[in-house]
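Below is one structure, written out as C-alpha cells; the observations come after it.
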Ligand SMILES: Cc1ncc(COP(=O)(O)O)c(C=O)c1O
C-alpha cells in the first residue's frame, strides 16, 4: 500500500550498506561494539524505579493521566523548581510548562503547533536529523544554516539571507549540540533572541543535554536570557541526565502561547504521560541530582580515554564541551562513511558518519560515550591496532 507523500520527503537512512554489513557481521557472531548511539547503559537511579513501582500499584494511576495533555500539576511544579534551581529560570507551572513523551515528541508537536504548510523552518547543518523529519511531516520547508568549527559551531545570523529569515516562522537550535558537542554562550543566545524578535521567528531550543557539560562549562538555559520567553520555548528531558531514555519523559517550557498551542496538539493526539512515570520523574528531579554528578564523572573518564587513544593514532582536535559525543575529524583523504566503514571492517567498531547529520557534517564521525567502560576500552584497543 502506498504511504503518504509527506513520508517520502524524509531522506532515507544514508548508510544502508554499512548498516547491512553490521547486521550480517552480528548474525555471523562477530563481536561488534557500537559507539554510534547516544543511549546511556547505566541504570535509572533506584529511587526513581521504586517510585514507579509504588505508583504503578495505585489503581488511581491506571486511569487516563491527570490533566491529560499538560501533565500533572505536581510534575510541572517539580520541573519549575528544577529550572529555578539549576538555571535561575522562573516559569509558571500552570501556563508555561507541559509534560512531554520525551523531547523528541516536543520537536514534532512544536512544528504542528506553530508552522503552516509551506513555511520555512530553520535548522542547523550538521544537526539532529529528527528536526528535518518533524518539519517535513508538519508540512514545513527545512532550511539548513551551516555551522562551522571556526565559529564554535554556532550559526552566524548575519549570513542567513534576509529573504530566508523573512520567510521563516520557526527555528530549531540545540546546544549542547548533537552531533558536534559544541556549547552556546549567553552572548550568542542574546543574539538569537534579537534575531528571532526581528523576524517573528518562534525558537524551539532543544536542550536535552543541558546537564552534560565538561571543562568548567556551566549548564545553561535559553530561557535565562532576557526576552527568550517572548520568542520561544525550550525542550528538555529526563532521558540523558537520569539514564531514562526508555521512560519517555520530557518537558516544554516558555512562551505560554506556544505551550497552549502544543497542548492543543497533544489534546488531540495522545492522552499524556502515564501518571506513574510522572511521579517517578518528580523523584528524579527532586532527589537524584547526585546521579548527574556521578554520570559526568563517568563520561569525563571515558572522554579522556577516547581523546588519548585518538591522539596516539594521530587524530588531534579540540573537543566540544558538551554532550556525551565526540565529533572527530576523519583522517586526510577519507570521507566520513569511508572512515566509519574502515573502523567497522578493521576494528568491528561502529561510529556515526558525519554526513548523516548534513553536508557540513562531512569530514567527521561521531563517537558516543554511552557504552560500559570495559567495552569502550576494548573498542579503543581495537582502534589503536587498526590505525597504528
Ligand atoms: C538533540 C536531541 N534532541 C532530542 C533527543 C530526543 O531525546 P528524548 O529522549 O528526550 O526524546 C535527542 C536524542 O538523542 C537529541 O540528541
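Coordinate-derived values only; no laboratory data. Everything numeric here is computed off the predicted structure, so don't read it as measured data. FYI the Cβ positions are ideal-geometry reconstructions off the backbone, even for glycines, and counts take in every protein chain you see.
From least to most packed, judged by other beta carbons within 10 angstrom and beginning with the fewest, 62, 348, 108 follow the order 62, 348, 108.
Modelled spin-label separation between residue 74 and residue 297, with each label point placed 7 Å from Cα along the Cα-to-Cβ direction: 3.1 nm.
If R₀ is 22 angstrom, what is the calculated FRET efficiency for the pair residue 162 and residue 194, using the beta carbon separation as r and rounding to 0.05?
With a Förster radius of 22 Å, E is 0.90.
A straight chain from residue 17 to residue 218 at 0.36 nm per residue would run longer than the Cα-Cα distance by 68.3 nm. Full extension of the chain between residue 321 and residue 385 yields a length gain of 20.3 nm, computed as 0.36 nm times the residue separation minus the alpha carbon distance. For the pair the range 161-198 / the range 220-243, the C-alpha centres are spaced 13 Å from each other. Consider a paramagnetic label point 7 Å from the Cα of residue 5 along Cα→Cβ; state which residues of the range 97-121 have an amide N under 20 Å from it. Taking a point 7 Å out along Cα→Cβ of residue 5, the residues of the range 97-121 whose backbone N falls under 20 Å are 112, 115-121. Rounded, prolate or oblate for the range 120-198? Axes are the square roots of the Cα gyration tensor eigenvalues, ordered a ≥ b ≥ c, and the cut-off for rounded is a/c under 1.5. Oblate shape, in that a/c is at least 1.5 and b/c is the bigger or equal ratio. The separation of the range 362-388 from the range 254-293, counted between C-alpha centres, amounts to 35 Å. Residues within the reach of a label modelled at residue 373 (point 7 angstrom out along Cα to beta-carbon, backbone nitrogen below 18 Å), restricted to the range 287-305, are 291-305.
One decimal place: the segment residue 148-residue 84 gains 19.8 nm when fully extended, by the rule 0.36 nm per residue minus the C-alpha distance. Only DSSP H runs of four or more residues enter the estimate; each adds -39500 (n - 2.57), and after division by the residues of the chain the mean residue ellipticity at 222 nm equals -13000 deg cm²/dmol.
Distance from the C-alpha centroid of the range 99-120 to that of the range 27-76: 22 Å, rounded to the whole angstrom.
Restricting attention to the chain, close to 45% of DSSP beta bridges with both partner residues there are antiparallel.
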